[in-house]
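Student: The structure is given below, and queries will be raised subsequently.
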Amino acid sequence: MMLLWLLLAPLIGGLLCWQLERFGTKLVRWVAVGTMLIVLALTVELWLSGDYSLALLGSAGDAAGRWTVQFSVPWIPRLGVRFGLGLDGLSLLLIGLTALLGLIAVACSWREITRHVGFFHLNLMWTLGGVIGVFLAIDLFLFFIFWEVMLVPMFFLIALWGHNIPGGNGRIYAATKFFIFTQASGLVMLVAILALVFVHSQATGILTFSYSALLHTPMTARTEFWIMLGFFVAFAVKLPVVPLHSWLPDAHSQAPTAGSVVLAGVLLKTAAYGLLRFLLPLFPHASAVFAPIAMWLGVFGIVYGAVCAFGQNDIKRLVAYTSISHMGFILVGVYAGTQLALQGVMIQILAHGISSGALFILCGELYERLHTHDLRKMGGLWARFSYLPPIALFFTLASLGLPGLGNFLGEFLILLGTFNGHPSVTVVATGGLILSAVYSLILMQRAFQGKPSGGNDLQDLNPREIATLGTLMAFLIWLGLYPQPILDVSRASMQALQTRYAPGGVETRGSPGVREAP
Amino acid sequence: MTLQQLFALSPILIVGLTVVTVMLTIAIKRHHKWTATISMAGLSLALVPLWVHCWLPGSSAFTLPQTVTPLLRIENYACFYMAMILIAALATTTLSRRYMEGYQGNREELYLLLLLSTLGGLVLVASCHFASFFIGLELLSVPMYGMAAYLVKERRSLEAGMKYLVLSAVASAFIVFGMALVYSQTGTLMFSEIGASVANVADDERVVMILGGAMLLIGIGFKLSLAPFHLWAPDVYEGAPAPVTSFLATASKIAVFALLLRYFVEARAYQYGVLVNILSVLAILSIIIGNVLALQQQDLKRLLAYSSIAHFGYMLVALIASGALAVEAIGIYLLTYAVTTLAAFGVITLMSSPYKHHDAEILFDYRGLFWKHPYLAAILTLALLSLAGIPLTAGFIGKFYVLGAGVDKRLWMLLAAVVLGSAVGLYYYLRAMVQLYLRQRWVAPFSAPSDWARGAGGGMLILLTLLMLALGVYPGPFIMLVQAAGLGGK
């Protein structure tokens, strides 16, 4: 029941926001804040009350394990579809991230969004609701529905409240491109889901979309590979993996701040979640075959994203390309499949969600004051603000992987976990870290250093903005210095995944290594 | 004729009686509201026996299947599609009532034509014989010429009527020729006997059978506006009055497709590889042409015309898959398509009136609708999302079934076409949708009255919207309904 409320809270809150607009926009914003606080509180409650040492995948691929919390009712019996929600450590952490960034997204649009405030928050809440649904669904049909449904409000967020930056193709173009890319790839996944379900029903005679049942689908290697590829396409577009990434910079550069925060912080993570939850466990053998290709794609993404980021003049496009680069690490870590690398992926997902969200908020705050995203028109900003530049420096350093902050830990664990099995991949990926230092520093240098181009007339951060960013800073430091609680929550899920993906593989030092890593 | 046969036939008889009644009342006194009310009452009454059958299966008064003369066969399948056609006709009638209020000429005959056309549709879905097939088809199409050209003083409406007349007549000619060729080889006009005698046809005579089948397909392709026989569709959609277009897009196409499916199954047309290949080509062409030509449309009605071409392409994929799942898939798809299309045209109708020079059809006319009529715009948004096949709307369930039928039979080429077509399709649905939410125009030439929801048309629109959501969110009961309406004896 708790899971259902987790899902319903944003949906109901969104409707309230829409209808309450007639009583003033302040109320709408506070209702949105309240909604996200409820979700956050539910998450914390689930964290404290649940036992996360269980994992569904079981130890040797048998169905011994179970979800920490589960909710399931029949939905479309003819098709064997159930409305099934399930929670384990992995989903819990991601939902926590969603709630936190949702709260931040509401806060950062406090002054930016002035038109149609109620409808804006309806869309924002529903996007977050859809994402939470993706993290909870344990029925493939339901998962697909959430996967697609969250796109619609996101489309509106970009298309209606985005910026038409000069030189771009316009916000409607960007929103449409985003929608078509993800929806088309989603349809490919739907075909793959159907194929999987039919293969399963031919083998067992049971038509079901249930995740735990489909885990044990007997397949020939060839079938498994093709179906796996169908899933991979959808996740690769959303992650994004490099040849399929071109929607991301457009969407980011035109989206409103809250849209960017949600997009970078949470929406991209649904793809990582999809890889971890569905692709590897459902198709362990095909994934193992595919791993080298996927990892090299990831490495290519790391380098390509970094190089492109370096060449951008639009500050939001720059941050968008850094996302592509960081997501490359996630792809590498996921396919490395060792306990260390998977835990690293978990940390990286959270840390990147927070740091990229914060960077987009900073971009938004700069835009509110300078009315431009163009780096060429900035410069010398250090002298014109007192709070903003050091905070920006903090998040830039986090993004380049400064030890002591979350991102470092994530990337370090991923690289460490990958090295044993794939040394050459690791070596090249590590090179990407240097590139990330280059683009981060050039960002700082171009925006903040140099000669001030105007007087000291710019308004500095107000308490709301400082509180927002301060919260995120605190979380990043926590992740960097004491990630053990997080690792404890996700350990069971990751361990189970690892045993399934690479039974008796080259691995490994296991969890003690994780304890020592920080 | 037994009582049971009479009862099975009652929907057709009731609509026939309504036609006569409406004709007589018009002769006695012209009164727009009454005529509309009588038509609505007649159509609703015709639905009653179908409801009775649905809720009380196996009641003694109404046992199915019934074969009434060799021409008509009324079983669950026919009942399901009859109900769909009747509901579509009912929706059209309610929508026309408001729409025609502003028309200066004679308003009443529209209902007469509509009822006649509905009667044709009912006959068509129940027919299992070439004779009733042809009678039903003509009865369905001929009144449509008049309906499309109903606003005779409008150049475009007249053009639509003429275009539809000429092309429809050509299509009918093809169909008759095809029937003759099939008859020459099998010596029977019954679908099931044709299917049974297929095996007896010698190999060198199969060419004639296939040619006959192909000619039938061409004719049906015209009626369904499948590519490459689609050229009339955009012009007729654009020119005909909005409620008529909605009838043309739903009731008429549903009837023809239901007939095609029945013929395909009962006459075992799926046994001919060549025909299936032709169908595949038609499906792929329809999907590509429909979607690509819709991309740059500025006119909502033309856009919906092209989108309907693409949708029937998707349905052909299910038809080609054949088998029990395919029959179910087509039933679901037609249902979702009908509900969605009626809702979309419902909004267009409420925005327009023949008072004005033309309907509210340019996308620009809808700019900023959301900020003025949020619920009306939300309905149109839902309809467009449903046409695009986004989950939680009716259209998704349809698309899901089509993909399922395709995956089941491993039709990868056709599935690729469906996926690609849907991706392209998104572009124009989104383009139309986003218009509703942009900043409003200073002077809006078209606007629905503020009390649009109060009349019968508004109520019908709200019902359709609820149905669209229900189909998307909780399709279980509808699936059971469609499952019961399968084609037996396969």
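Student: Exactly one of these conditions fails for A:N420: (1) within 23 Å of A:S325 (Cβ to Cβ); (2) of a type outside the set (D, E); (3) surrounded by 17 or more Cβ atoms within 10 Å (Cβ to Cβ). Give me its number.
Tutor: (1)
Student: For the stretch A:134-141, indicate whether the set of residues that are within 11 Å of chain B (Cβ to nearest Cβ) and either farther than 23 Å from A:L20 by Cα or at pLDDT below 95 (or both) is non-empty.
Tutor: Narrowing the stretch A:134-141 to residues within 11 Å of chain B (Cβ to nearest Cβ): A:141.
Filter once more, so that each one left must be either farther than 23 Å from A:L20 by Cα or at pLDDT below 95 (or both): A:141.
Yes, the stretch A:134-141 contains a residue that is within 11 Å of chain B (Cβ to nearest Cβ) and either farther than 23 Å from A:L20 by Cα or at pLDDT below 95 (or both).
Residue by residue, here is whether (1) more than 10 Å from chain A (Cβ to nearest Cβ); (2) closer than 25 Å to A:G170 by Cβ holds:
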residue: B:L392; (1), (2): no, no
residue: B:M413; (1), (2): yes, no
residue: B:A423; (1), (2): no, yes
residue: B:Y427; (1), (2): no, yes
residue: B:M460; (1), (2): yes, no
residue: B:T465; (1), (2): yes, no
residue: B:A470; (1), (2): yes, no
residue: B:Y474; (1), (2): no, no
residue: B:M480; (1), (2): no, no
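Student: Can I ask one more? Before we move on, is A:G34 surrounded by 18 or more Cβ atoms within 10 Å (Cβ to Cβ) and either of a type in the set (G, A, S) or closer than 22 Å to A:R115 by Cβ (or both)? Let's see the steps before the verdict.
Tutor: Working: surrounded by 18 or more Cβ atoms within 10 Å (Cβ to Cβ): no; either of a type in the set (G, A, S) or closer than 22 Å to A:R115 by Cβ (or both): yes.
In short, no.
Student: If A:L458 passes every condition in (1) aliphatic (A, V, I, L, M); (2) crowded, with 19+ Cβ neighbours inside 10 Å; (3) at pLDDT below 90; (4) more than 15 Å from A:F394 (Cα to Cα) but one, which one does it miss?
Tutor: Among (1) aliphatic (A, V, I, L, M); (2) crowded, with 19+ Cβ neighbours inside 10 Å; (3) at pLDDT below 90; (4) more than 15 Å from A:F394 (Cα to Cα), A:L458 violates only (2).
Student: A further question follows. Which one of these does A:W226 not meet: (1) at the interface with chain B (Cβ under 10 Å from one of its Cβ atoms); (2) farther than 23 Å from B:L325 by Cβ; (3) surrounded by fewer than 23 Cβ atoms within 10 Å (Cβ to Cβ)?
Tutor: Of (1) at the interface with chain B (Cβ under 10 Å from one of its Cβ atoms); (2) farther than 23 Å from B:L325 by Cβ; (3) surrounded by fewer than 23 Cβ atoms within 10 Å (Cβ to Cβ), only one is false for A:W226: (2).
Student: Here's a follow-up. Can you say whether A:G129 is within 13 Å of chain B (Cβ to nearest Cβ), in contact (Cβ under 8 Å) with a residue 24 or more places away in the chain and under 25 Å from A:A358 (Cβ atoms), as far as the supplied structure shows?
Tutor: Values: within 13 Å of chain B (Cβ to nearest Cβ): yes; in contact (Cβ under 8 Å) with a residue 24 or more places away in the chain: yes; under 25 Å from A:A358 (Cβ atoms): yes.
Spelling it out, A:G129 is indeed within 13 Å of chain B (Cβ to nearest Cβ), in contact (Cβ under 8 Å) with a residue 24 or more places away in the chain and under 25 Å from A:A358 (Cβ atoms).
Student: Turning to a different aspect of this structure: Only one of A:F209, A:F283 is aromatic (F, W, Y) and within 14 Å of chain B (Cβ to nearest Cβ). Can you tell me which?
Tutor: Going through A:F209, A:F283 in turn, just one is aromatic (F, W, Y) and within 14 Å of chain B (Cβ to nearest Cβ): A:F209.
Student: Separate question: In the list B:V48, B:V15, which residue meets the criterion of being closer than 25 Å to B:F80 by Cα, modelled with pLDDT of 85 or more, among the β-branched types (V, I, T) and surrounded by fewer than 16 Cβ atoms within 10 Å (Cβ to Cβ)?
Tutor: Only one candidate passes the filter, namely B:V48.
Student: Filter the stretch A:53-89 down to residues that are at pLDDT 80 or above, within 27 Å of the chain's Cα centre (by Cα) and not hydrophobic (A, V, I, L, M, F, W, C), then give me how many there are.
Tutor: Looking only at that region, the number is 8.
Student: Still on this structure: When the stretch A:403-437 is examined, which residues are found to be under 30 Å from A:M378 (Cα atoms) and either among the charged types (D, E, K, R) or in contact with a helix residue (DSSP H, G or I) (Cβ under 6 Å, 6 or more places away or on another chain) (or both)?
Tutor: Once the filter is applied, which keeps residues that are under 30 Å from A:M378 (Cα atoms) and either among the charged types (D, E, K, R) or in contact with a helix residue (DSSP H, G or I) (Cβ under 6 Å, 6 or more places away or on another chain) (or both), the stretch A:403-437 yields A:G404, A:L405, A:G406, A:N407, A:G432, A:L435, A:S436, A:A437.
Student: How about the stretch B:394-408: which of its residues are facing another protein chain (nearest Cβ under 10 Å), over 23 Å from B:L293 (Cβ atoms) and touching a residue at least 12 places away in the same chain (Cβ under 8 Å)? Reasoning before the result, please.
Tutor: The initial filter retains those residues of the stretch B:394-408 that are facing another protein chain (nearest Cβ under 10 Å), namely B:396-397, B:399-401, B:403-408.
Filter once more, so that each one left must be over 23 Å from B:L293 (Cβ atoms): B:396-397, B:400-401, B:403-408.
B:F396, B:I397, B:Y401, B:L403, B:G404, B:A405, B:G406, B:D408 - these are the residues of the stretch B:394-408 that are facing another protein chain (nearest Cβ under 10 Å), over 23 Å from B:L293 (Cβ atoms) and touching a residue at least 12 places away in the same chain (Cβ under 8 Å).
Student: Specify which of the listed residues (B:G489, B:G459) is farther than 28 Å from A:T176 by Cα, surrounded by fewer than 24 Cβ atoms within 10 Å (Cβ to Cβ) and at pLDDT below 85. Steps first, please.
Tutor: Values: B:G459 fails: at pLDDT below 85.
Among B:G489, B:G459, only B:G489 is farther than 28 Å from A:T176 by Cα, surrounded by fewer than 24 Cβ atoms within 10 Å (Cβ to Cβ) and at pLDDT below 85.
Student: Which condition breaks for A:I145 when tested against (1) in contact (Cβ under 8 Å) with a residue 24 or more places away in the chain; (2) in a helix (DSSP H, G or I); (3) not charged (D, E, K, R)?
Tutor: It fails just one condition, (1).
Student: Same structure, new question: Kindly indicate whether A:L100 is modelled with pLDDT under 85 and buried (at least 23 other Cβ atoms within 10 Å of the Cβ). Don't jump to the end; show me each part of the working.
Tutor: Working: modelled with pLDDT under 85: no; buried (at least 23 other Cβ atoms within 10 Å of the Cβ): yes.
No, not satisfied.
Student: Let me ask another. Consider A:P243 carefully, then state whether it is of a type outside the set (F, W, Y), at pLDDT below 90 and more than 25 Å from B:G421 (Cβ to Cβ).
Tutor: Working: of a type outside the set (F, W, Y): yes; at pLDDT below 90: yes; more than 25 Å from B:G421 (Cβ to Cβ): no.
Here the answer is no, as A:P243 does not meet what is asked.
Student: Which residues, taken from the stretch A:294-347, are outside any helix (DSSP H, G or I), among the small types (G, A, S) and farther than 27 Å from A:R277 by Cβ? Break it down stepwise before answering.
Tutor: Here is the first cut: in the stretch A:294-347, the residues outside any helix (DSSP H, G or I) are A:311-314, A:337-338.
With among the small types (G, A, S) added as a condition, the list becomes A:311, A:337.
Correct list: A:G311 only.
Student: Then there's this: Within the stretch A:108-117, does at least one residue satisfy the condition of being within 12 Å of chain B (Cβ to nearest Cβ), of a type in the set (F, W, Y) and touching a helix residue (DSSP H, G or I) at 6+ places or on another chain (Cβ under 8 Å)? Outline the logic, then answer.
Tutor: Filtering the stretch A:108-117 for residues within 12 Å of chain B (Cβ to nearest Cβ) gives A:115-116.
Next, only the ones that are of a type in the set (F, W, Y) stay: none.
Within the stretch A:108-117, none of the residues are within 12 Å of chain B (Cβ to nearest Cβ), of a type in the set (F, W, Y) and touching a helix residue (DSSP H, G or I) at 6+ places or on another chain (Cβ under 8 Å).
Student: Somewhere in the stretch B:452-462, is a residue closer than 17 Å to B:W371 by Cα and among the hydrophobic types (A, V, I, L, M, F, W, C)? Before the answer, list the steps.
Tutor: Quick first cut of the stretch B:452-462, residues closer than 17 Å to B:W371 by Cα only: B:452-453.
Adding the requirement that they be among the hydrophobic types (A, V, I, L, M, F, W, C) leaves B:452-453.
Yes; the residues of the stretch B:452-462 include at least one that is closer than 17 Å to B:W371 by Cα and among the hydrophobic types (A, V, I, L, M, F, W, C).
Student: Sticking with this one: Assigned to a helix (DSSP H, G or I), more than 21 Å from the chain's Cα centre (by Cα) and at pLDDT 90 or above, is that true of A:V438? Show your work before the answer.
Tutor: Values: assigned to a helix (DSSP H, G or I): yes; more than 21 Å from the chain's Cα centre (by Cα): yes; at pLDDT 90 or above: yes.
Yes: the conditions hold for A:V438.
Student: Kindly indicate whether A:L375 is modelled with pLDDT under 90, in contact with a helix residue (DSSP H, G or I) (Cβ under 7 Å, 6 or more places away or on another chain) and farther than 30 Å from A:P485 by Cβ. Step through it out loud before you land on a result.
Tutor: Values: modelled with pLDDT under 90: yes; in contact with a helix residue (DSSP H, G or I) (Cβ under 7 Å, 6 or more places away or on another chain): yes; farther than 30 Å from A:P485 by Cβ: yes.
Yes, satisfied.
Student: If A:A271 passes every condition in (1) buried (at least 24 other Cβ atoms within 10 Å of the Cβ); (2) farther than 21 Å from A:S212 by Cα; (3) not hydroxyl-bearing (S, T, Y) but one, which one does it miss?
Tutor: (2)
Student: Right, B:S184: in a helix (DSSP H, G or I) and in contact with a helix residue (DSSP H, G or I) (Cβ under 6 Å, 6 or more places away or on another chain) or not?
Tutor: Working: in a helix (DSSP H, G or I): yes; in contact with a helix residue (DSSP H, G or I) (Cβ under 6 Å, 6 or more places away or on another chain): no.
Judged against the criteria, B:S184 is not a match.
Student: Conditions: (1) modelled with pLDDT under 90; (2) in contact with a Ser or Thr (Cβ under 8 Å, 6 or more places away or on another chain). B:L471 meets all but one. Number of the miss?
Tutor: Against the list (1) modelled with pLDDT under 90; (2) in contact with a Ser or Thr (Cβ under 8 Å, 6 or more places away or on another chain), B:L471 comes up short only on (1).
Student: May I ask you to say which residue of A:A203, A:A192 is in contact with a helix residue (DSSP H, G or I) (Cβ under 9 Å, 6 or more places away or on another chain) and either in a helix (DSSP H, G or I) or away from every other protein chain (no Cβ under 11 Å) (or both)?
Tutor: Values: A:A203 fails: in contact with a helix residue (DSSP H, G or I) (Cβ under 9 Å, 6 or more places away or on another chain).
The unique qualifying residue is A:A192.
For every residue, the table says whether it meets (1) in a helix (DSSP H, G or I); (2) modelled with pLDDT of 95 or more.
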site: B:Q297; (1), (2): no, no
site: B:R302; (1), (2): yes, no
site: B:L319; (1), (2): yes, no
site: B:A326; (1), (2): yes, no
site: B:A329; (1), (2): yes, no
site: B:T340; (1), (2): yes, yes
site: B:G346; (1), (2): yes, no
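The values are calculated or read from the model by the stated rules, or taken from the named source; none is laboratory data. Not measured: the values here are computed from a predicted model. With ideal geometry, Cβ positions are generated from the backbone for all residues, glycine too; neighbour counts draw on all protein chains shown.
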